[in-house]
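Remarks on the structure that follows.
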There are 2 protein chains.
Amino acid sequence: MSIDPLQIGFMPPADKITTQNVMELVAYGQTKGFDFVVSPLNSPAYRRVLFEGDGPQSPAMTAWRAGMEAFRPEDLVLRTADHSDYIVGTLSEWQDFDSKDARVRLHSELALRQQFNWLSHLGLSGILLPYPPSTQPLTNYGRVLAGSLAMVPYATCWFQVPCMDEVLEQGVAEELQGMKSWERWNSLRNMAGSESKLGVALELSDALPSDQVLDRWFAEPVKVIVLPEVIFLTNNKGYPVLSKRHQHVIRKFLKHKPSFIIQSSTLPKLVLDEFSDDTLQHSFSSPYADYIRYLHRTQEAPGVIDQFATGYQDYLQAPLQPLQDNLESSTYETFEKDPIKYQQYELAIERALRDRPLPTEGEPDVTVIMVVGAGRGPLVNCSLRAADTAGRNVRVYAVEKNPNAFVTIQNMKASLWGDRVNIVFSDMRSWKAPEQADILVSELLGSFGDNELSPECLDGAQKFLKPDGISIPANYTTFVAPMASNKLHTDVSTFKDLAHFETSYVVMFKAISLLAQPKPIWVFEHPNRVEIPLGQDPLSNHHNIRSGSIEFTSATSGMLHGVAGYFESVLYKDVMISINPETHSPGMFSWFPIYFPVKTPLYIPAQAKIVLDFWRLTDTRKVWYEWRVSCIVDGLGEIHSTPLHNVGGRSSSIGLF
Amino acid sequence: MSIDPLQIGFMPPADKITTQNVMELVAYGQTKGFDFVVSPLNSPAYRRVLFEGDGPQSPAMTAWRAGMEAFRPEDLVLRTADHSDYIVGTLSEWQDFDSKDARVRLHSELALRQQFNWLSHLGLSGILLPYPPSTQPLTNYGRVLAGSLAMVPYATCWFQVPCMDEVLEQGVAEELQGMKSWERWNSLRNMAGSESKLGVALELSDALPSDQVLDRWFAEPVKVIVLPEVIFLTNNKGYPVLSKRHQHVIRKFLKHKPSFIIQSSTLPKLVLDEFSDDTLQHSFSSPYADYIRYLHRTQEAPGVIDQFATGYQDYLQAPLQPLQDNLESSTYETFEKDPIKYQQYELAIERALRDRPLPTEGEPDVTVIMVVGAGRGPLVNCSLRAADTAGRNVRVYAVEKNPNAFVTIQNMKASLWGDRVNIVFSDMRSWKAPEQADILVSELLGSFGDNELSPECLDGAQKFLKPDGISIPANYTTFVAPMASNKLHTDVSTFKDLAHFETSYVVMFKAISLLAQPKPIWVFEHPNRVEIPLGQDPLSNHHNIRSGSIEFTSATSGMLHGVAGYFESVLYKDVMISINPETHSPGMFSWFPIYFPVKTPLYIPAQAKIVLDFWRLTDTRKVWYEWRVSCIVDGLGEIHSTPLHNVGGRSSSIGLF
């Protein structure tokens, strides 16, 4: 069995499955159109091993401990490898790894290892691991799993977690119901190692946790959703359906492509009579599975961004270095397809053109627009269209330093633009402009706003902007938010060096959870008439240093794996572009967010303060960011602080040349 | 200047030192017998740079920012490198790295870098860094230091910290006075990187913190003790002396070999008249410095342990692997010199001999003693002496597997022992003994008790012990305690791999601080008649698995860098040996404690619970430990947990063969 997207399995009550009927269960599952069935590996008889033998020196105990008679035939439900590709196994529930009795602990561990061995021998590809009662610690369970998962290299292991807590602890707010389950999973995962293959099988129930609690699970490897049949309602045609809220939750999880398990509380009639008239169940397909497939089919069609993002989700990309490197044609092409960004630029230029004073009597009406970093020319096109709309004459300069892109704009001028556009091959910072511009248009922003050195480039270009000239964009604000993402942190960890923890990554987020909403951290405004003498180059780059110390409060507990970064930019007056989730320009896909990892994940208690300290620093050759995260609890002070990341730009920086 | 043990310096008020009198200060210090003097690098005039220039575009500001006119002559106290080997510099106090004013922050940073540059140029070998008022954050200061310390590779940097808090925060217990200072240092050090060269210059005052607060400083790099003259009392002969408590504290610090700075609140008459009759000051030596030298001279003579430990303090040693490796002769020789251990063994054997029943009428009085792991024979000697004292006949077997040690016991038998001793070349676990022993004597303990596999060895040897026979030792208990030691953690970090964090080290502790007193975690008893059939080998090694989850409470806050391990052992009845600090056998030096690091240091808030989980695990080839540490705060739950260390013995283990 390979658990591919929308695999749906069937799980009857474990105590009803025996070695006699397990092949009937397989036939039932196949007939009903399930992709797999779930069966216990062992019969209840196997529990004997907890107390095997009469005493520590008994031959039976000794033999069993030594693995000489791991299983007697009556211990096993799954005795052969028949249909092992169609069966997911469950481990015995009576194992008690954190018992106070050392013998029960040891025998539980040995039993788990023997079952892992057997499961591996049979070639099952999935295992469901039981969830111990919440009164029990998970310390030794975690240790046992950490040491045993390597025994089943070809099987996926799912820890079955209920979405609601068995008991809500005293003093815990109702909306935090379900957090204890997450805490227990988190604790177990931390023990077993975050890089481990352990996934979650999240069991939904009648009652569901609040959105903020569910949100924590979106940053976790939820590989399976377990749906008990009893949580389904019956519609007026007699078919099983789910409540609106359940539908909503499942639709959110569907984006993460889990498998599903339909959990039955009674054993159905496994031997199906193909001629019977079973009105409700359509005989040969499970109405529960049919319903989940229906939800899957009727998901919202993926938006432009999702289509564009396919294959990029949770994938770590190095940010562009447009000053050091020349972008490739395909990169330009991708970004030029953005339906929103250029629409906003065109609108901004049009508004700016309309705001420029008309020429005095006798003067020609020509507005000078300089597109700096013209690339393959999309902003030149925007400028020309805006001029047409606004009914103003323009003289456009297209300045580009990338020789490959310049070939394209040479062709554009020859074939399309003609005399309205002057093309200039130069770095905007060193160009000697023949006249001064009314409007300076650029698209130099990165996911973190200034991280592709827009401030430094525009500081160099503003010397040929008229004293009352306009820069589009007028400003940009950087936003940060503390975030959880086990996946991204684990991916950074695989490099096994400090440098990768001190580097930022452009990522299309999927399996992440923000611990608090993003807040602004700093702003750049253009042109900068305060720090830079009119018509001159900046005196140094010190004025582009920024820092911020921003405080957040996390409503629920969570793990902090790093910081998410976004930007908002005012192009002109009320014309904006944004990738900040709360104000995201709908349909704009040119920027994914940015991810700054921390070296060691921090546990954040509910209601704790999270402080993000960020610096944008510079020397004569480069710009870099440094960051640290701390967590403050009232009355306790700073309970965590990370080291300072990327001291002096030692691990990552953006070259000025 | 090289700051060697008991270097004492002189520090006058910074504002009284000018470029005109600094050479007089040097002459004064030299005449008075100081090893160095402390002088500001800059005059107060240099403060101008905080607000240099009239505005951001002013040429003066621009030039200064660019480092073109870093210092004007009047900015500097130290203008030349004269006597730079005798001068420790201090940085300007007015720098405000965490000002709300971005310009003050930037200019403070640039000023620090310019001073570091100048200091490096002059070749000063020490710098005192100012302590900002406790109302200010240290975030940006820490970041600036992290990025600047590399500029002064040849100078030691000391952050001057008052031992008492300026203000005791509301609700903080009186006995925690001074913790805020430590917290601030800890925060700064975490920012600057724990591996950095930043040390502490701890400034004592009239009032001193409680012992538990001072204890935190013993785990920190306190390189200098600053003693203001005003805290000295005057004895009845008019000489400056310190209170008993100050003496006590200084004597404790003296073990860490700090330098001292005598801080004067007034400028003394720098030009000394060698013919004046200055009754109090002996003219040519500082009575303050004399007094510190007196305390240094009159320290308790180092005990045997300290003598033995010289050169081993805080040095990470791999534990012995006596089963896998053969010990060297020098190792035996070192341990044989222990004055206490063999005295205790001899006493235990004597008591055991006296307790053995006398032979029945007609039987010969012979007690069979088997020394297993005899090494070069010290326990054989103990046995023979004990037999003489007890007046019992003995037949001693000396069993040893190390062929090199065996040569020595062959000689011992030939020259000394004769027929009373049978020597046997064998691993005790595989020896076929010709008769059964009354007393089995062994010395197989490691620092963590069972970590040199005493349990496994004695389990194998007990088959030739009579049913009522005695094992010396009778049992051993392992103790653990949470500990702080920046030094040890940093030393482990330098290996830059996971394996070294998952290994234990034998260490003569010096710069450490226990966060709570040690507690027992598990016990081994010998002989083991419950798990092992009489006269047989053990059936498996599962009975030597141990685990423990031990809870501690830390009275004050602190950093947890790992776990300290110790053992206590009952040799026979009330004859014990112990390296547990609370019961340590006086003068016994054979064992240093053991250190288990954690991958990432944890901050422990005052009154938080620390849980240490330890496992001793085994398979057929090896024995290993796994461990994790967590921290629990009432009402918040588990705020920290380390990953499980050494899963499956992947990084360190002790071979059974």
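Averaged over the residues of B:135-147, the number of partner chain Cβ atoms lying within 10 Å of the residue Cβ comes to 4. Residue by residue along B:598-607, Cβ atoms of other protein chains within 10 Å of the local Cβ number 3 on average.
Stretching the chain fully between A:Phe284 and A:Ala81 yields a gain of 70.5 nm (0.36 nm per residue, less the alpha carbon separation).
For the protein assembly as shown, carbon and sulfur atoms together expose 52% of the accessible surface, with a 1.4 angstrom probe and every protein chain in place.
When only alpha carbons of chain B are considered, Rg and Dmax amount to 30.9, 113 Å. Find the centroid of the Cα atoms in region A:357-401 and in region B:586-651, then give the distance between the two in whole Å. Their Cα centres are 68 Å away from one another.
Sorted from nearest, the other copies put their A:Leu267 label points 9.9 nm away, the label point being 7 Å from Cα in the direction of Cβ. Here the simple spin-label model places points 7 Å from the Cα toward Cβ, and for B:Lys244 and A:Ala45 these points are separated by 7.8 nm. Near A:Ile550, once Lys and Arg are set to +1 and Asp and Glu to -1 for all other residues with Cβ below 14 Å from its Cβ, the sum equals +3. For region A:532-551, a drop of 40 Å² or more in accessible area on going from the chain alone to the assembled protein chains (1.4 Å probe) is found at A:Leu539, A:His542. Rounded to the nearest 0.05, the FRET efficiency derived from the C-beta distance between B:Lys573 and B:Glu174 at R0 = 45 Å is 0.50.
Going by Cα centres, region B:499-515 and region B:63-142 are how many Å apart? After rounding, the separation between the Cα centres reads 36 Å. Rounded to the nearest 20 debye, the dipole magnitude of chain A is 580 debye, with +1 charges on Lys and Arg beta carbons, -1 on Asp and Glu beta carbons, and the Cα centre as origin. Between B:Asp325 and A:Ser205, the FRET efficiency from the beta-carbon distance, with R0 = 51 Å, is close to 0.30. Measuring spread by the Cα atoms of the protein assembly as shown yields a radius of gyration and Dmax of 37.8, 143 Å.
Note on B:Asp388 and A:Val523: the model spin-label points, each 7 Å out from Cα along the C-beta direction, lie 9.3 nm apart. Per residue, the solvent-accessible area of region B:1-96 (1.4 Å probe, heavy atoms of protein chains only, all protein chains present) comes to 41 Å². With one equal scatterer per alpha carbon and no solvent term, the Debye-computed log10 I(q)/I(0) for region A:8-300 at 0.08, 0.09, 0.12 1/Å reads -0.37, -0.47, -0.82. Across chain B, the relative contact order, built from alpha-carbon pairs under 8 Å that are at least six residues apart, equals 11 percent.
With a threshold of 31 Å on the Cα-Cα distance, the over-threshold entries among A:Lys609/B:Lys180; A:Lys622/B:Lys257; A:Lys255/B:Lys609; B:Lys252/B:Lys496; A:Lys510/A:Lys599; B:Lys432/B:Lys622 are A:Lys622/B:Lys257; A:Lys255/B:Lys609; B:Lys252/B:Lys496. Averaged over the residues of peptide A:632-641, the number of Cβ atoms from other protein chains lying within 10 Å of each residue's Cβ is 6.
Charge dipole of the protein assembly as shown (Cα centre as origin; +1 on each Lys and Arg Cβ, -1 on each Asp and Glu Cβ, all else neutral): 940 debye, rounded to the nearest 20. For A:Asp574, the label point sits 7 Å beyond Cα toward Cβ; its separations from the matching points on the remaining copies run 9.3 nm, from shortest to longest. Each copy carries a label point for A:Gln136 at 7 Å from Cα toward Cβ; from one copy, the others' points are 5.6 nm away, ordered from shortest. Assuming R0 = 30 Å, what is the FRET efficiency of A:Glu93 and A:Lys255, from their Cβ-Cβ distance, to the nearest 0.05? About 0.40, to the nearest 0.05. Starting from the Kirkwood Rh over alpha-carbon pairs, what translational D in µm² s⁻¹ does region A:475-655 have by Stokes-Einstein at 10 °C and 1.306 mPa s? Estimated via Stokes-Einstein, D reaches 91 µm²/s.
Packing-based ranking of A:511-518, A:235-242 yields A:511-518, A:235-242, ordered from highest to lowest mean Cβ neighbour count within 10 Å.
Packing here is the average count of other Cβ atoms within 10 Å per residue, and on that basis the peptides A:480-491, A:401-412, highest first, run A:480-491, A:401-412. Taking a sphere under 11 Å around the Cβ of B:Gly449 and counting the other residues whose Cβ falls inside, with K and R at +1 and D and E at -1, yields a net charge of -1.
Lys and Arg at +1, Asp and Glu at -1: add these up for the other residues within a Cβ distance under 10 Å of B:Pro137 and post the number. So the environment of B:Pro137 carries a net charge of -1. Dipole magnitude for region A:8-300: computed about the Cα centre from +1 point charges on Lys and Arg Cβ and -1 point charges on Asp and Glu Cβ, it is near 580 debye.
The values are calculated or read from the model by the stated rules, or taken from the named source; none is laboratory data. Everything numeric here is computed off the predicted structure, so don't read it as measured data. No Cβ is skipped: glycine too gets one built from the backbone with ideal geometry, and neighbour counts run over all protein chains shown. Note: accessible area is taken over every heavy atom of the protein model, side chains too, but ligands, DNA and RNA are not part of it. Shrake-Rupley method; radii C 1.70, N 1.55, O 1.52, S 1.80 Å.
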